[in-house]
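Encoded as structure tokens, the structure appears first; notes follow it.
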Amino acid sequence: MSQPNVYVASSTLPVSAETAFSYHDRPGALERLIPPWENVRVEKSDHSLRVGSQVILKTSLLGVPVRWLAEHTLYDPPRKFADTQVSGPFAQWDHEHLFEAVGDEQSVLRDEIQYRLPLGAAGKLFGGGMALKAIESMFAYRHHVTRHDMELLSNYEADPITVAISGSTGMVGSQLSALMTLLGHRVRPIVRGTPIEASEIAVWNDESEAAKLSDVDAVVHLAGKPIAGDRWTEETKAQIRDSRWIKTRELCESMAKLDRKPRVLICASGAGIYGDRGEEILNEESEAGEDFLAEVAKGWEAACQPAIDAGIRVVNLRLGIVLSPRGGALEKMLLPAKFAAGALGSGKQWWSWIALDDVLGAIYHAISSPDLAGPINCVSPEPVRNKEFARTLGRVISRPAIFPAPAFALRAALGEMADALLLSSQRVVPGKLTASNYRFRFTDLESALRYCLGRDRLESAE
């Protein structure tokens, strides 16, 4: 049998070894650390690192479904734990996670992997380079996420709280739920319909369910019908409005009735509130626009008034284009970009973007900052023109961006949605986040895209 390949990755973390180990030992760690570009989901998990506990991952190779069964073989907190592949895509996969103390408030995370590919020498010859590249990308992502999460924990040093999250299965909500759990907080999903888990709260069902919010410290409201899911008919537009305006007002009225109220409500909104504004630099004091997205966002923020009147601190998160290949605009742009798609319309319009991890960081910052209230522009400090966005995306995925999409073609295909979502210009800046000393993880578009698309590498990898 050939000798296994060895891969080692290490990073310095701004927390103790005990804290870093505890992060990995909590439910949600695996979900948080799965790269967003990978077609992988957790099918079953014992939610434990203890010896004998297992996890089943479902993925695909060349379109063929593959199940990966891993079992933990070593548990030695806070020094190390280990897992091995029982069955799956590799001929061998042994992974040891080590945590080395460096003083009281610093540690080194070290991942050591021994692996062999199937088909022996042939597998190594034809698939070795591809496998190593995938492993390098995966562990660069895992280490960057872990370090960022530990920086949040170190910077804010918040006591454990209970957070209720609506839209907790969505692109932002699922990652926020995992992050809050990993940082030591309790998460209670807000759901529609009948609760399945004891932690779930069906706020919109009846008053007894809504009363469960009295045990909650913070509410993060992200739920709403997807803006770009269907062509905008009058019926679809009504559903988009109602899912935000009505449900948000009902949620806020329920909170207002409680004897013990949540301290803060973080409610999603959109940078689309400003409408098409050309070259104007837009901060939180700028006037709202008049198009459909502006109408939706204005009504969404107004629906929070019952909570404000009840003395609850409310933050309206005016989200820009959130970067993730798992959803939103970037997911829809990737396939055309692979075929050299370029600018949309003139390409001169400003796009205000933000990395998904900065959305999570901004929410955590807003929860932890008692003086922060009202609308907050949740965007990177560096908006870019659409043509630059297309060129940067093409550069990251090694494709040219040479075929523009004419405005008339976009309008013919998408109708009103084309102008509101793709062709309008919004040069939005994060005035309040910057003034309140939020530390952006990504201010450079190319770095953010490389990170979330797996084009990043760790300098400390061996």
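Using the Cα centre of the range 314-416 as the reference point, and only Cβ charges (+1 on K/R, -1 on D/E), how large is the resulting charge dipole? Debye, rounded to the nearest 20.
Here the range 314-416 has a charge dipole of around 560 debye.
Put +1 on the Cβ of every Lys and Arg and -1 on every Asp and Glu Cβ in the chain; which of Leu98, His47, Val64 then has its Cα farthest towards the positive end of the dipole?
Val64
Nearest 20 debye, what's the magnitude of the dipole of the range 35-81 about its Cα centre given +1 on Lys and Arg Cβ and -1 on Asp and Glu Cβ?
Numbers: 7 positive and 5 negative charges, 6 e Å.
Using Cβ point charges on Lys, Arg, Asp and Glu, the range 35-81 gives about 40 debye.
Return the subset of Lys237/Lys298; Lys298/Lys387; Lys212/Lys261; Lys212/Lys247 for which the Cα-Cα distance in this structure is over 22 Å, preserving the input order. Don't skip to the answer; put the middle values down first.
Details: Lys237/Lys298 14 Å; Lys298/Lys387 29 Å; Lys212/Lys261 10 Å; Lys212/Lys247 17 Å.
Violating the 22 Å limit, Cα to Cα: Lys298/Lys387.
With contacts defined as alpha carbon pairs under 8 Å and 6 or more residues apart, what's the relative contact order of the chain in percent? Please list the in-between numbers first.
Numbers: 948 pairs, mean separation 66.9, N = 462.
Relative contact order, the chain: 14 percent.
Given the Cα-Cα distance of Glu157 and Thr233 and 0.36 nm per residue of separation, how much length would full extension add, in nm?
Values: separation 76, 0.36 × 76 = 27.36 nm, distance 4.70 nm.
Gain on stretching Glu157 to Thr233: 22.7 nm.
Given Val429, Gln239, Gly224, which one lies farthest toward the positive end of the charge dipole of the range 162-452, if we put +1 on the Cβ of every Lys and Arg and -1 on the Cβ of every Asp and Glu?
In the range 162-452, that residue is Val429.
Using helices alone, what [θ] at 222 nm do you get for the chain, with -39,500 (n - 2.57) per DSSP H run of 4 or more residues, divided over all residues and rounded to the nearest 500?
Rounded to the nearest 500, it is -11000 deg cm²/dmol.
Taking only C-alpha pairs under 8 Å that are 6+ residues apart, what is the relative contact order of the range 5-156 in percent?
That works out to 28 percent.
With a Förster radius of 30 Å, plug the Cβ-Cβ distance of Thr194 and Asn39 into 1/(1 + (r/R0)^6) and report the FRET value to the nearest 0.05.
Here the calculated transfer efficiency is 0.50.
Can you work out the FRET efficiency for the pair Asp215 and Leu69, with r the C-beta to C-beta distance and R0 = 41 Å, to the nearest 0.05?
Step by step, r from the Cβ atoms, then E = 0.65.
Can you figure out the FRET efficiency of Ser436 with Leu61, using R₀ = 51 Å and their beta-carbon distance, to the nearest 0.05?
0.65
What is the dipole size for the chain, taken about its Cα centre, with +1 at each Lys and Arg Cβ and -1 at each Asp and Glu Cβ, in debye to the nearest 20?
Using Cβ point charges on Lys, Arg, Asp and Glu, the chain gives about 1260 debye.
So how do His143, His47, His221 line up by other beta-carbon neighbours within 10 Å, fewest first?
His47, His143, His221
Return the percentage of antiparallel bridges among DSSP beta bridges fully within the chain, rounded to the nearest 5 %.
Taking every DSSP beta bridge within the chain, about 60 percent pair in antiparallel fashion.
May I ask which residue of Leu334, Val187, Ala198 lies farthest towards the positive end of the charge dipole of the chain, with charges of +1 (Lys, Arg) and -1 (Asp, Glu) on Cβ and the Cα centre as origin?
Of the listed residues, the answer is Leu334.
In what order do Met150, Met130, Met171 fall by count of nearby beta-carbon atoms within 10 Å, going from fewest to most?
Met130, Met171, Met150
Every number in this text was worked out from the coordinates using simple rules, so none of it is lab data. These numbers come from a predicted model, not from an experiment. Heads up, the Cβs are rebuilt from the backbone with ideal geometry, glycines too, and the neighbour counts pull from every protein chain shown.
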